[in-house]
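The values are calculated or read from the model by the stated rules, or taken from the named source; none is laboratory data. A quick note: this is a predicted structure, and the numbers were derived from the prediction, not measured. Methodologically, a virtual Cβ is constructed for each residue, glycine included, from the backbone with ideal geometry; neighbour enumeration extends over all protein chains shown.
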C-alpha cells in the first residue's frame, strides 16, 4: 500500500484510545503514524503506531513481528507497548504501539556524517542490541539493520522494525530461497540464502562506514554489479577511519562470516579502547597505569634496601643480656676447700695434679664490651648507603606530588 493510501487513516481512532494524528512513513508491510493515546477524551501521551496490512504470502513474517516486538525488552530496541487487530474503513489490519522517536539515523545523516564520538556511541548501542538478539533462546537475526531502522528516542539509539526477524533456534545458521532486506546492507552469504547473526554484523559495518564517510562501502549501477562488489571487492573507505572504529568496520566487513566480528567482539573492543585509550584524546588511564607500575617498582626497591640496611646494622644488645659472662665452668664446692693443716708428704707431680682444679674461675665484669671502631672505608660506605636511601625517599615524594598534580589537571573539564 502506497503512502497516499495510508494517509486515508489519519484522524481515525483505534479501540477508542489511539487517535491517528499524522502519517509519518510507509514500510515494507505497513505505515507508521503519530498517535495520541486518549482516555475519556483526555490526552495521556503520544506514541508511534504501526498499521500492518495482512498478506497471505508474508502472514508468518507479519505475525512474527508482532510476537517478537511484544517479547523483546532491551534499552536499544524500540519497545512495543501494545499490539492488536482492528478494522478501519472495512480493512482488517494489525497494529503495534511503540515509543515515539524524534528522528532516525537516515535523517541525521542528511545533515552530515557523525563525529567519531557519535559513531562510537552508535556502535556500542546497536552492538548491544544485536548481542541481546543473538543471546535470546530463539537466537534472533534482524536482517534489516540500516539507518532508516535506527531511531533516536531521547538521547538513545534504538533498533526498530522486526518484520524480517528470523529465529534460528538451536541451529547456528539457516537457509532461505528468497533474498529479502536491503541489498546494499546484505552480506555476501545473504545472496546465497544463508542466515546467521553474522548477517547483522555485516549490516552494522556498512552502516558505520556510511555514518563516518558519507558513502556506502560497496556500490554498483545494477544489482549484479552490487552483488559482485559485495562478494569480491574490498570495501571502499576513502581514508583511514578513526580508531577504534577502523578495526570494527573492517572486522564487520570480513567476507567470511566465520571470521567476521561478533557483537560481543565489538563491545569488548570498545571497552578496551575506553580503558586503554586506543582512540585519540583518551590517554588518561594508560598514563595512570604506567605511573602506578613505576611507583610499585620503586616501593619494592625501597623496602628491599631498608631490609638490607637493617641486616647490615643491627641494633645494640640489651644491657640485661650482658650483665655477667662466665668464661669457664665453676668448680665443685669441695675443690675450693683449703688444704689440711698437716699436709702429708706427697710427690711433686701429685701435688700439681691436685692444685689444678682449685684455680679460681674467671668471671668477666658486668659492663658491656665497647663496639670496635669501624674502618674508615666501611664507615664511608655506610654514609653513602644512607645518602642513597634519603635520595630515593626524596625522589618518591617528588613523583607522588607530580602524580597528584597531573590527576588534578586531568579531572578538570
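Taking the condition in the same structural domain as residue 182 (by TED's automatic domain parsing), in a helix (DSSP H, G or I) and free of Cβ contacts under 8 Å to residues at least 24 places away in the same chain, does residue 273 pass?
On the way: in the same structural domain as residue 182 (by TED's automatic domain parsing): yes; in a helix (DSSP H, G or I): yes; free of Cβ contacts under 8 Å to residues at least 24 places away in the same chain: no.
Considered against the rule, which asks whether it is in the same structural domain as residue 182 (by TED's automatic domain parsing), in a helix (DSSP H, G or I) and free of Cβ contacts under 8 Å to residues at least 24 places away in the same chain, residue 273 comes out as no.
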Residues (touching a helix residue (DSSP H, G or I) at 6+ places or on another chain (Cβ under 6 Å) and part of a loop (DSSP other than H, G, I, E, B)) located in segment 144-168: 145, 146, 160, 161, 162, 163, 165
Kindly evaluate residue 147 against the criterion of being under 25 Å from residue 224 (Cβ atoms) and touching a residue at least 60 places away in the same chain (Cβ under 8 Å). yes
Tell me, please, whether a residue that is closer than 16 Å to residue 72 by Cβ and either assigned by TED's automatic domain parsing to the domain that holds residue 214 or outside any helix (DSSP H, G or I) (or both) can be found in segment 102-117. no
Going through (1) modelled with pLDDT of 90 or more; (2) surrounded by fewer than 20 Cβ atoms within 10 Å (Cβ to Cβ); (3) in contact with a strand residue (DSSP E or B) (Cβ under 7 Å, 6 or more places away or on another chain); (4) over 30 Å from residue 248 (Cα atoms) one by one, residue 90 fails only at (3)
Do we find a residue being crowded, with 21+ Cβ neighbours inside 10 Å, at pLDDT below 95 and in a helix (DSSP H, G or I) anywhere in segment 190-202? yes
Looking only at residues that are more than 10 Å from residue 143 (Cα to Cα) and free of Cβ contacts under 8 Å to residues at least 60 places away in the same chain in segment 180-189, which one is surrounded by the fewest Cβ atoms within 10 Å (Cβ to Cβ)? 183
Answer residue from segment 211-243, given it is in contact with a helix residue (DSSP H, G or I) (Cβ under 8 Å, 6 or more places away or on another chain) and touching a residue at least 60 places away in the same chain (Cβ under 8 Å) and is surrounded by the fewest Cβ atoms within 10 Å (Cβ to Cβ) among those: 214
Do you know which residues across segment 106-158 are surrounded by fewer than 20 Cβ atoms within 10 Å (Cβ to Cβ), within 19 Å of residue 262 (Cα to Cα) and in contact with a strand residue (DSSP E or B) (Cβ under 6 Å, 6 or more places away or on another chain)? 125, 138
